[in-house]
Ligand SMILES: Nc1ncnc2c1ncn2[C@@H]1O[C@H](COP(=O)(O)OP(=O)(O)O)[C@@H](O)[C@H]1O
Ligand SMILES: [Mg+2]
């Protein structure tokens, strides 16, 4: 559904993405891992149309997004793409429900409908009794679940998540991990996430490793396409993969995770 082809991006003299190509299939969870500075966030931002590449192609269900006019692109993004960031980026002066409803209001949905849909999503995400709280009155995990609800409100085709568990403790990380798994398995959602969290990467159908602006050769054992059956893929656990060139992934020092994997 998403074809990223031959993407290049520089910031000044710094070439951050060097000929990146990647296909994302429907109902697939793809995890992007790699050391800090590898270009993961830049790739995610380009794939999510928040940033423009210098060169390359981005085909979304066959439609070229590179070169699309800003206004059209914003509308496209609002309708088709959901984002979850490391820090929830909820608006502090609005309640959880209002924050979740916002992208629907921007899409032109009536306030009544948007608020109803927001409530439904918040209930599904276990936040029934938090809907009218402002972000400051919620825990980190609750805020991140609210951000996921916000990402889902316009029924996006794809969700991009940049370190979605990066600021959470292990109980909340497990919660988020379960939500992403359910999104794929129960709702057929496509997710691309950047993560240092090896347990979160463990739910992915495919793990893409990046270093120095490039995608490294595959580190999963899975070569084929992902179908919609629950498949147990043997993804190398980066925390156990010391000899497999994955040291950078653990050695990044952002957080120590994975000890509660089972
Ligand atoms: N807006 C920007 N302007 C200049 N340099 C940037 C910008 N965004 C990212 N970079 C640089 O690009 C490189 C890759 O950054 P990033 O994509 O954030 O990597 P990662 O998410 O893998 O840590 C880093 O060296 C970073 O400093
Ligand atoms: Mg990053």
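Taken across the stretch 29-42, residues that are touching a helix residue (DSSP H, G or I) at 6+ places or on another chain (Cβ under 7 Å), modelled with pLDDT of 95 or more and more than 16 Å from ligand 1 (Cβ to nearest atom) do occur, with at least one present.
Return the residue satisfying two criteria in turn: it lies in the stretch 205-218 and is more than 16 Å from ligand 1 (Cβ to nearest atom) and assigned to a loop (DSSP other than H, G, I, E, B), and of such residues it is surrounded by the most Cβ atoms within 10 Å (Cβ to Cβ).
Applying the first criterion (more than 16 Å from ligand 1 (Cβ to nearest atom)) to the stretch 205-218 yields 205-206, 217-218.
Narrowing the set further to residues that are assigned to a loop (DSSP other than H, G, I, E, B) leaves 205, 217-218.
On the way: 205: 20, 217: 6, 218: 12.
Among residues in the stretch 205-218 that are more than 16 Å from ligand 1 (Cβ to nearest atom) and assigned to a loop (DSSP other than H, G, I, E, B), the one surrounded by the most Cβ atoms within 10 Å (Cβ to Cβ) is 205.
Being more than 19 Å from the chain's Cα centre (by Cα) and not in a loop (DSSP other than H, G, I, E, B) is the filter; apply it to the stretch 86-101 and report the residue that is surrounded by the most Cβ atoms within 10 Å (Cβ to Cβ). The qualifying residue surrounded by the most Cβ atoms within 10 Å (Cβ to Cβ) is 96. If you go through the stretch 29-85 and keep only what is away from ligand 2 (no atom under 16 Å from the Cβ), in a strand (DSSP E or B) and touching a residue at least 40 places away in the same chain (Cβ under 8 Å), you end up with 29, 55, 56, 57, 58, 59, 60, 81, 82.
Keeping to the stretch 191-204, report how many residues are away from ligand 1 (no atom under 11 Å from the Cβ) and either crowded, with 22+ Cβ neighbours inside 10 Å or assigned to a helix (DSSP H, G or I) (or both). Show your work before the answer.
Just the residues of the stretch 191-204 that are away from ligand 1 (no atom under 11 Å from the Cβ), to begin with: 191-193, 197-204.
Filter once more, so that each one left must be either crowded, with 22+ Cβ neighbours inside 10 Å or assigned to a helix (DSSP H, G or I) (or both): 191-193, 197-201, 204.
The qualifying residues number 9.
Failed condition for residue 40, given (1) crowded, with 18+ Cβ neighbours inside 10 Å; (2) under 20 Å from residue 189 (Cβ atoms); (3) in contact with a strand residue (DSSP E or B) (Cβ under 6 Å, 6 or more places away or on another chain), with all others met? Status for residue 40: all satisfied but (2).
Residues in the stretch 110-164 that are farther than 15 Å from residue 98 by Cβ, touching a residue at least 60 places away in the same chain (Cβ under 8 Å) and more than 16 Å from ligand 2 (Cβ to nearest atom): 144, 148, 151, 152, 154, 156, 157, 158, 159. Could you tell me whether any residue of the stretch 6-22 is more than 9 Å from ligand 1 (Cβ to nearest atom), under 21 Å from residue 184 (Cα atoms) and not in a loop (DSSP other than H, G, I, E, B)? Checked against the condition, which is being more than 9 Å from ligand 1 (Cβ to nearest atom), under 21 Å from residue 184 (Cα atoms) and not in a loop (DSSP other than H, G, I, E, B), the stretch 6-22 yields at least one hit.
When you check residue 26 against the structure, is it in contact (Cβ under 8 Å) with a residue 12 or more places away in the chain, farther than 25 Å from residue 99 by Cα and within 16 Å of ligand 1 (Cβ to nearest atom), yes or no?
Numbers: in contact (Cβ under 8 Å) with a residue 12 or more places away in the chain: yes; farther than 25 Å from residue 99 by Cα: yes; within 16 Å of ligand 1 (Cβ to nearest atom): no.
Criteria not met by residue 26.
The values are calculated or read from the model by the stated rules, or taken from the named source; none is laboratory data. Keep in mind that this is a model prediction, so the values were computed, not measured. Cβ atoms come from the backbone with ideal geometry, glycine included; neighbour counts cover every protein chain shown.
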